[in-house]
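What follows is a single structure, written as structure tokens, with notes after it.
Derivation of every value follows stated rules applied to the coordinates shown; laboratory data play no part. Note that the coordinates shown come from a computational prediction; the quantities given were computed from them, not determined experimentally. Positions of Cβ are generated from backbone atoms using ideal geometry, with glycine treated the same way; all protein chains shown enter the neighbour counts.
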């Protein structure tokens, strides 16, 4: 914490712009990892982030700890420079990186079994920048240097990195085994991308001590008449195993319609280290389509369907969302999702409403029903949630209350979290109980704000909550967080 505070104070007095963020959180009651002495640190969570820009120079520093870790368990910093008079850029330190759509290189990245298809195709970009969140740095940090320049009308990006990562992949350093594994695996990596016009080429080569892995790919973003075409294909090598992955989309957008259809392949043996498939899930072949419509005044609709084939198994998913603006201040909505995988099906139906009476006040409500059809029966779940947002002068108060009752985890329900500025999250709940949340944001001066958040969860017929070292005794738990954010000008 002390290095971050010293750096923050130094930058506040420097000419330039940016922001400083401090966040402190605590869970009640004490978790078992703290009570039984398994954890090395205390119960608090902490985040200190400083971002600063001056001219073409940008710097980001992050200090963070999770519950049970020692203070400033993670301390990272990165910097970048963009020459205002040329196309040259340089970056170094703890990095966030993307080449193409992420199939060749994405950090943070990883295979996502639930990725769907949107009305817009995945974007193709080259991005190297300092990591601004613990999620980029904690478990598998990318520590290195790179840069970009133009050569003969082509944009060129180079990256080299040597990183110490945790084999567990969770980035937690609380117990003796987790502390011993911290940074125990060394990864050396080199990557490059060249792009010109609608075509780009990318490649990455890495070694984590157990053999080389590599990927090379080509991407395209262009059009054929009024139809846009976006695609990427990559070949991967891990040890003596070679495989390939690809995706391709055809898309169109008008004032009344946004449409996107695509095919994709991402086999399980494709090397997924530092990689992220932008749509679909692990499969031998898959296809999907999504359409956003405005069929009439006040109406909007979105329909998505997707199918995946892998060996003798198949999976499918369909989503439908309809909203209707009844008056300028009142909306109704309905969302429905159904999926089938390996002979088991599930569904989620959510009905929503939103009313904006006056003065920045918003009252919203949602009711959802879930179900899962599997070999052990057909469990179901129900959840209801209401939210209120009030503007009290310059302050903003948000309140939320939710109740739920589900047969098991497979029939779980989801509620939105009252996040602090810079956060976006949802909360999944199962069993039977209720959740209360409150958040308050209070401006202190121009560009400065103090905010707080508290949530109270209670479940029926349980003696403890969560499992492992994060288990707490009793049927309820309270989570409180306070945050201070100030702009540097």
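Model label sites at residue 293 and residue 329, defined 7 Å from Cα along the beta-carbon direction, differ in position by 3.2 nm. Each label was represented as a point 7 Å from its Cα along the Cα-to-Cβ direction; for residue 158 and residue 426 these points are 4.4 nm apart. Each residue in 94, 299 was given a count of other beta-carbon atoms within 10 angstrom of its own, and listing them fewest first yields 299, 94.
Each peptide among 329-335, 54-60 gets the average number of other Cβ atoms lying within 10 Å of its residues, and from highest to lowest they stand as 54-60, 329-335. Applying 1/(1 + (r/R0)^6) with r as the Cβ-Cβ distance of residue 344 and residue 303 and R0 = 25 angstrom yields a FRET efficiency of 0.60. Sorted largest first, the spans of the alpha carbon positions of the stretch 86-289 along the three principal axes are 59, 42, 35 Å.
Counting every other Cβ atom within 10 Å of each residue's Cβ, 96, 120 order from fewest to most as 120, 96. Computed over the alpha-carbon pairs of the stretch 281-351, the distance histogram in 5 Å steps reads 4, 15, 21, 18, 14, 10, 8, 5, 3, 1, 0 percent, short to long. For the stretch 117-188 versus the stretch 214-259, the spacing of their alpha-carbon centroids is 23 Å. In the stretch 463-489, which residues have a backbone nitrogen under 16 Å from the label point lying 7 Å from residue 175's Cα in the Cα-to-Cβ direction? From the stretch 463-489, the list is 466-472. Full extension of the segment from residue 263 to residue 436, taken as 0.36 nm per residue of separation minus the current Cα-Cα distance, would add 58.0 nm.
The ranking of 467, 341, 140 from fewest to most other beta carbons within 10 Å of each one's beta carbon is 467, 341, 140. Estimated at 0.36 nm per residue, the fully extended path between residue 248 and residue 475 surpasses their Cα-Cα distance by 76.8 nm. Counting only Cα atoms, the chain measures 62, 54, 47 Å along its principal axes, largest extent leading.
Working value for the stretch 114-222: equivalent-ellipsoid semi-axes of 31, 18, 13 Å, each the square root of 5 times a Cα gyration tensor eigenvalue, largest first. In the stretch 86-289, Cα pairs under 8 Å separated by at least six residues give a relative contact order of 23 percent.
Spatially, the stretch 269-335 and the stretch 343-397 are offset by 19 Å when compared through their Cα centroids.
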